[in-house]
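*Asks:* Can you keep this structure in mind? I'll have questions shortly.
The values are calculated or read from the model by the stated rules, or taken from the named source; none is laboratory data. Just so we're clear, the structure is a prediction, and the values are computed from it rather than from any experiment. Virtual Cβ from ideal backbone geometry, glycine too; neighbours counted across all protein chains shown. Remember, those area values only see protein heavy atoms, side chains included, never the ligands or the DNA or RNA. Shrake-Rupley method; radii C 1.70, N 1.55, O 1.52, S 1.80 Å.
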Amino acid sequence: MKIALMDSGIGLLAATAAVRRLRPDADLVLSLDPDGMPWGPRTSEDLTGRALAVAEAAAARRPDALIIGCNTATVHALPALRARLEPGIPVIGTVPAIKPAAAGGGPVAIWATPATTGSPYQRGLIADFAGGVHVTEVPCWGLAEAVEHADEAAIDAAVAAAAALTPRDVTTVVLGCTHYELVAERIRAAVQQPGAAPLVLHGSAGAVAAQALRRLGELPAPDAPAEGALTVLLSGREDALPAAALHYAEGRLLPAAGPLADRR
């Protein structure tokens with residue numbers, strides 16, 4: 001089994017690690033776009049074009065499924081990617097975990113990029129899945145960029161700024177950008193109030209990985225031999241995993257897999 005994941009940068013690491021944990025025997029293809037990042041400020045048409053190019057580079061490696069490891073790309077490009085690749089390659093998008101977060105009763109804070117915060121897309125998810133729950137949308141200025149570059153000082157500053165915008169009575173935080181899952185415990189530490197019940201964080205990586213297996217009719221096999229190989233494509237060029245990825249535990253799970261052989 002071969003599963004591809006795509007994003008402009010290393011935000012896809014959370015879903016990649018989740019796939020690796022569920023199926024250590026799966027070959028992985030990571031398709032990033034360092035030449036075009038960040039995608040967030042681009043127009044929808046421009047972003048969709050970049051996403052299609054990155055997806056097609058991954059598709060050339062003949063994966064069994066493709067995960068869009070990026071909330072922004074899912075919002076703008078999922079229909080185009082499915083039109084281009086399905087039914088031959090199932091495409092799985094990443095949606096903020098608002099529904100399971102709201103099921104806990106709240107109050108809920110949704111940490112997301114400034115472009116996503118307040119967007120019709122996110123407001124629609126809140127209306128559909130969080131009726132009756134108090135939800136605060138928190139724009140996280142610069143956090144995704146800081147995580148992308150493993151800039152410790154910038155991460156601390158961005159997390160602190162977003163925490164200051166988060167109501168003190170919040171019981172649950174939705175990590176509405178895949179980059180944020182890489183610093184989840186730092187977010188928890190910043191938002192957790194002394195004496196309050198443990199803060200609940202909701203990311204999307206585990207659900208996305210499980211959905212990819214369901215689309216393929218496969219079951220989790222976490223005890224399978226860790227024989228899954230890894231290839232990395234940077235704007236279509238085969239290369240090494242970006243150095244910043246190794247700053248995070250999710251990235252350090254991957255290099256031991258070695259180069260991907262031509263398994264067809």
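*Asks:* For His134, what residues show an amide H to amide H distance below 5 Å, using hydrogens built from the backbone and excluding near sequence neighbours?
*Replies:* Amide H neighbours of His134, under 5 Å, 5+ apart: Val108.
*Asks:* Can you classify the range 198-251 as rounded, prolate or oblate using the Cα gyration tensor, where a ≥ b ≥ c are the square roots of its eigenvalues, rounded means a/c under 1.5, and otherwise it's prolate if a/b beats b/c and oblate if not?
*Replies:* Taking the square roots of the gyration eigenvalues as a ≥ b ≥ c, the range 198-251 is oblate.
*Asks:* Quick check: pseudo-label points 7 Å beyond the Cα along Cα→Cβ at Ala240 and Trp141, how many nm apart are they?
*Replies:* 3.6 nm
*Asks:* Output the peptides 43-54, 2-13, 158-169 sorted from most to least packed, where packing is the average of other Cβ atoms within 10 Å over each peptide's residues.
*Replies:* Taking the mean over residues of other Cβ atoms within 10 Å, the ranking is 2-13, 43-54, 158-169.
*Asks:* Moving on. What nm distance separates the two modelled labels at Ala210 and Glu56, each placed 7 Å from Cα along Cα→Cβ?
*Replies:* Result: 3.5 nm between the two label points.
*Asks:* Then there is this: Using amide H atoms built 1.01 Å from N in the peptide plane, name the residues 5+ places from Ser31, or on other chains, whose amide H lies under 5 Å from its own.
*Replies:* Distant-sequence amide H within range of Ser31: Leu5, Met6, Asp7, Leu233.
*Asks:* May I ask you to derive the relative contact order of the chain, considering only C-alpha pairs under 8 Å and at least 6 residues apart, and to give it as an integer percent?
*Replies:* 28 percent
*Asks:* Further question on the same structure: Please sort through the DSSP H helices of the chain and keep those with an alpha-carbon extent of at least 15 Å along the long axis and a Kyte-Doolittle average not below 0.5.
*Replies:* Helix filter hits for the chain: 152-164, 205-216.
*Asks:* Does the range 75-181 come out rounded, prolate or oblate, given a ≥ b ≥ c as the square roots of the eigenvalues of its C-alpha gyration tensor, rounded meaning a/c under 1.5 and, failing that, prolate meaning a/b above b/c?
*Replies:* oblate
*Asks:* Karplus couplings for the range 134-145 from phi (6.51 cos²θ - 1.76 cosθ + 1.60, θ = phi - 60°), rounded to Hz, Gly and Pro as x?
*Replies:* Whole-Hz 3J(HN,Hα) from phi for the range 134-145: 6, 10, 10, 8, 10, x, 10, 5, x, 5, 4, 5.
*Asks:* First check a/c for the range 8-118, with a ≥ b ≥ c the square roots of the eigenvalues of its C-alpha gyration tensor; if it is under 1.5, answer rounded, and if not, answer prolate when a/b is larger than b/c or oblate otherwise.
*Replies:* oblate
*Asks:* Could you compute the net charge surrounding Gln193? Neighbours are other residues with a C-beta less than 9 Å from the C-beta of Gln193; K and R count +1, D and E count -1.
*Replies:* So the environment of Gln193 carries a net charge of 0.
*Asks:* With a 1.4 Å probe and all protein chains kept in place, how much accessible area does Asp64 have, in Å² rounded to the nearest 10?
*Replies:* Accessible surface of Asp64 is approximately 70 Å².
*Asks:* Further, regarding this structure: With all protein chains present, how much of the accessible area of the range 23-108 (probe radius 1.4 Å) comes from carbon and sulfur, to the nearest whole percent?
*Replies:* Of all accessible area on the range 23-108, carbon and sulfur atoms account for 53 percent.
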